[in-house]
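The values are calculated or read from the model by the stated rules, or taken from the named source; none is laboratory data. Values in this document were obtained by computation on a predicted structure and should not be read as measured data. For neighbour counting, all protein chains shown are included, and Cβ atoms are generated from backbone atoms with ideal geometry for every residue, glycine included. Surface areas here come from the heavy atoms of the whole protein model, side chains and all, with no ligands, DNA or RNA. Shrake-Rupley method; radii C 1.70, N 1.55, O 1.52, S 1.80 Å.
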Amino acid sequence: ADVVVGSELVVNRFGFATGFVDGDIDSISSKVAKLFVNNEPSLGLGRATSSFQFFSICKQQIHPPFISDKNHHDHQLLRPLPVIFHDGRLAMRPTPSTALLILLWMPFGILLSLIRIIIGEMLPLRIMLYLAPLTGCKIVVKGKPPSPISSSNSGVLFVCTHRTLMDPFVLSVVLMRKIPAVTYSLSRLSEILSPIPTVRLTRIKEVDAQKFKQELSKGDLVVCPEGTTCREPFLLRFSGLFAELTDRIVPVAMNNKVGFFHATTASGWKALDPIFFFMNPRPFYEVTFLDQLPAEATCSSGKSPHDVANYVQRILAATLGFECTNFTRKDKYIALAGNDKTVSCTSLETW
C-alpha cells in the first residue's frame, strides 16, 4: 500500500500503547476525501453498516460476499492469500475482554510455566507421559513407535515436522527415553535447560554429515529438516541432508495447539519459547508415527536426497492435512525479521 489511513493508537508519555484509538469514522472519512481531491475512489469494499461514510465518496460500492467478475461465466469469491509467516506471541485476537483475560492470567501462567519446567527437568521421562495430564498438558500419540534398537545396529533417524522448540522433547517423552536432537545455533540458556542431549550443527555440509553419522552410530536421533518453525498449516522445504546419511528413516508428524501464547518467534528472544509454551492453560501436542520408509523410497534404491526429502515432506503434510511449500528458513526470516538469520548468538532453531 502506498498510503494507509486509519485510527491512530493512543500512546502515553512513557511510550506505551494504552489500548485506545484516536479518531472516529468521520475524521477518517475526511482524511480519505483529502486523498481524492480531484478524483473519486473507483471502488469501495465493506459492510454497509460500518463503512457507509466511505461509500458516499466512492464511484462503485460492493458489499460482502465479494465476487470476482473477471470471468462473467465463472463468478468466484475473492479470498485473501493464505498467511504462512507471521510473528508475535499472542495466539488470540486481543479484543478488550480477551486482553483483560490474558493480563489476569499472566501471573498464574508464569508460575505454572516454571512449575512445569521444573517437573520436566527433575522427573524421569518414563513417567512424564502419565504425569503431563496432571499439570494441564495433553499429549496424544497415534501410530506405533519403533522399538529401541540393539547396540550393534545404527540408530533410527526420526524426521519431524517443526512446530515449536519442544518437538524433540515431546518425542522423547512419548518414547520414554532421551533422543538426542541436532540443533543449529542453540541459545546457551535453552541448551542448559534442555532435558535431552543436543548436538550443535555448523551448516557446513561435510562437518554436519560427520556429526550425523557419529550420533547415529550411538543410537536414535531426531531432526527437523525444515530448519525453522512454522505456525500455520504449511510445511517448509525439507533439507535433503538427512536422506544421504541413513536408510532407517521414521517420519513423525508433530502438531500442537496453544491457547494464549505462541511458543515461537522470529524477532523476539527465542530462549523464552518454552516458557511461553508452558504459560498456556492447556498446551496440546499430537504425535503421529508413520511407518519406516521402505528401502525403495530411500537413497539406497538410487533416489536422490532431494526426492527422498520431498517424499517425506508430502506424506507428513498429508498426515496433518497441511500444504507443502518451497519456502525456506531464509525466506521466513527475511519476511519477519528483515534478515536471513545466518549469524545470531541467540538464535534457537532445530535444524
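Would you mind stating whether Val174 is surrounded by 17 or more Cβ atoms within 10 Å (Cβ to Cβ) and without any contact (Cβ under 8 Å) to a residue 24 or more places away in the chain?
Working: surrounded by 17 or more Cβ atoms within 10 Å (Cβ to Cβ): yes; without any contact (Cβ under 8 Å) to a residue 24 or more places away in the chain: no.
So Val174 does not fit the description; no.
Cys137 is checked against (1) within 28 Å of Ser239 (Cβ to Cβ); (2) hydrophobic (A, V, I, L, M, F, W, C); (3) buried (at least 17 other Cβ atoms within 10 Å of the Cβ) and fails just one. What number does that condition carry?
(1)
Restricting to segment 154-169, give me the number of residues that are open to solvent by less than 10 Å² (accessible area, probe 1.4 Å), aliphatic (A, V, I, L, M) and under 20 Å from the mean Cα position of the chain (by Cα).
We begin by selecting, within segment 154-169, every residue open to solvent by less than 10 Å² (accessible area, probe 1.4 Å); these are 155-162, 164, 167-168.
With aliphatic (A, V, I, L, M) added as a condition, the list becomes 156-157, 159.
Imposing the further condition that a residue be under 20 Å from the mean Cα position of the chain (by Cα) reduces the set to 159.
Residues that pass the stated criteria total 1.
Take segment 249-273 and flag every residue that is more than 23 Å from Thr288 (Cα to Cα) and without any contact (Cβ under 8 Å) to a residue 40 or more places away in the chain.
Leu272
Just give me the residues in segment 197-250 being touching a Cys at 6+ places or on another chain (Cβ under 8 Å) and open to solvent by less than 10 Å² (accessible area, probe 1.4 Å), in sequence order.
Val222, Val223, Cys224, Leu235, Leu236, Ala243
When you scan segment 185-196, how many residues do you find that are within 18 Å of Val207 (Cβ to Cβ) and crowded, with 20+ Cβ neighbours inside 10 Å?
Initially, segment 185-196 is screened for residues within 18 Å of Val207 (Cβ to Cβ), giving 185-186.
If we keep only those that are crowded, with 20+ Cβ neighbours inside 10 Å as well, we get 186.
Number of matching residues: 1.
Could you list all residues from segment 195-246 that are of a type in the set (D, E, K, R) and more than 14 Å from the chain's Cα centre (by Cα)? Before the answer, list the steps.
Here is the first cut: in segment 195-246, the ones of a type in the set (D, E, K, R) are 200, 203, 205-206, 208, 211, 213, 215, 218, 220, 226, 231-232, 237, 244.
Correct list: Arg200, Arg203, Lys205, Glu206, Asp208, Lys211, Lys213, Glu215, Lys218, Asp220, Glu244.
Just checking, does segment 120-136 include any residue being charged (D, E, K, R), modelled with pLDDT of 90 or more and not in a loop (DSSP other than H, G, I, E, B)? Reasoning before the result, please.
Initial filter on segment 120-136 (charged (D, E, K, R)): 121, 126.
Imposing the further condition that a residue be modelled with pLDDT of 90 or more reduces the set to none.
Scanning segment 120-136 turns up no residue that is charged (D, E, K, R), modelled with pLDDT of 90 or more and not in a loop (DSSP other than H, G, I, E, B).
Checking Glu296 against (1) in contact (Cβ under 8 Å) with a residue 12 or more places away in the chain; (2) not in a loop (DSSP other than H, G, I, E, B), which single condition isn't satisfied?
All conditions pass for Glu296, except number (1).
Tell me whether segment 310-317 contains one or more residues that are under 15 Å from the mean Cα position of the chain (by Cα), surrounded by fewer than 21 Cβ atoms within 10 Å (Cβ to Cβ) and part of a helix (DSSP H, G or I).
Yes - at least one qualifying residue is present in segment 310-317.
Can you report the number of residues in segment 264-288 which are open to solvent by 10 Å² or more (accessible area, probe 1.4 Å) and either closer than 19 Å to Tyr130 by Cβ or assigned to a strand (DSSP E or B) (or both)?
5
Specify the residue that is surrounded by the fewest Cβ atoms within 10 Å (Cβ to Cβ); the eligible residues are those in segment 77-98 that are farther than 23 Å from Leu336 by Cβ and either in contact with a strand residue (DSSP E or B) (Cβ under 6 Å, 6 or more places away or on another chain) or in contact (Cβ under 8 Å) with a residue 24 or more places away in the chain (or both).
Restricting to residues being farther than 23 Å from Leu336 by Cβ and either in contact with a strand residue (DSSP E or B) (Cβ under 6 Å, 6 or more places away or on another chain) or in contact (Cβ under 8 Å) with a residue 24 or more places away in the chain (or both), the top hit is Pro96.
Touching a strand residue (DSSP E or B) at 6+ places or on another chain (Cβ under 8 Å), among the β-branched types (Val, Ile, Thr) and under 30 Å from Ile118 (Cα atoms) - does that describe any residue in segment 320-337?
Taking every residue of segment 320-337 in turn, none turns out to be touching a strand residue (DSSP E or B) at 6+ places or on another chain (Cβ under 8 Å), among the β-branched types (Val, Ile, Thr) and under 30 Å from Ile118 (Cα atoms).
Suppose the filter is at pLDDT 90 or above and either acidic (Asp, Glu) or open to solvent by 60 Å² or more (accessible area, probe 1.4 Å) (or both); does Leu114 pass it?
Values: at pLDDT 90 or above: yes; either acidic (Asp, Glu) or open to solvent by 60 Å² or more (accessible area, probe 1.4 Å) (or both): yes.
Here the answer is yes, as Leu114 does meet what is asked.
In segment 296-311, what residues are acidic (Asp, Glu) and under 19 Å from Ala209 (Cβ atoms)?
From segment 296-311, those acidic (Asp, Glu) are 296, 307; that's our starting set.
Passing the criteria: only Asp307.
Are there helices (runs of 4 or more DSSP H) fully within segment 167-222 with at least 1 residues that are modelled with pLDDT under 85? List them. Reasoning before the result, please.
On the way: elements: 167-175, 188-193, 205-218.
Because the criterion is at least 1 residues that are modelled with pLDDT under 85, the helices (runs of 4 or more DSSP H) in segment 167-222 that meet it are 188-193, 205-218.
Could you go through segment 20-29 and let me know if any residue there is in contact with a strand residue (DSSP E or B) (Cβ under 8 Å, 6 or more places away or on another chain), closer than 16 Å to Val4 by Cβ, charged (D, E, K, R) and at pLDDT 75 or above.
Taking segment 20-29 first, the residues in contact with a strand residue (DSSP E or B) (Cβ under 8 Å, 6 or more places away or on another chain) are 20-23.
Now narrow it down to the ones that are closer than 16 Å to Val4 by Cβ: 21-23.
The next check asks that each one be charged (D, E, K, R); those that pass are 22.
Checking the rest, the ones that are also at pLDDT 75 or above come to 22.
Scanning segment 20-29, I find at least one residue that is in contact with a strand residue (DSSP E or B) (Cβ under 8 Å, 6 or more places away or on another chain), closer than 16 Å to Val4 by Cβ, charged (D, E, K, R) and at pLDDT 75 or above, so the answer is yes.
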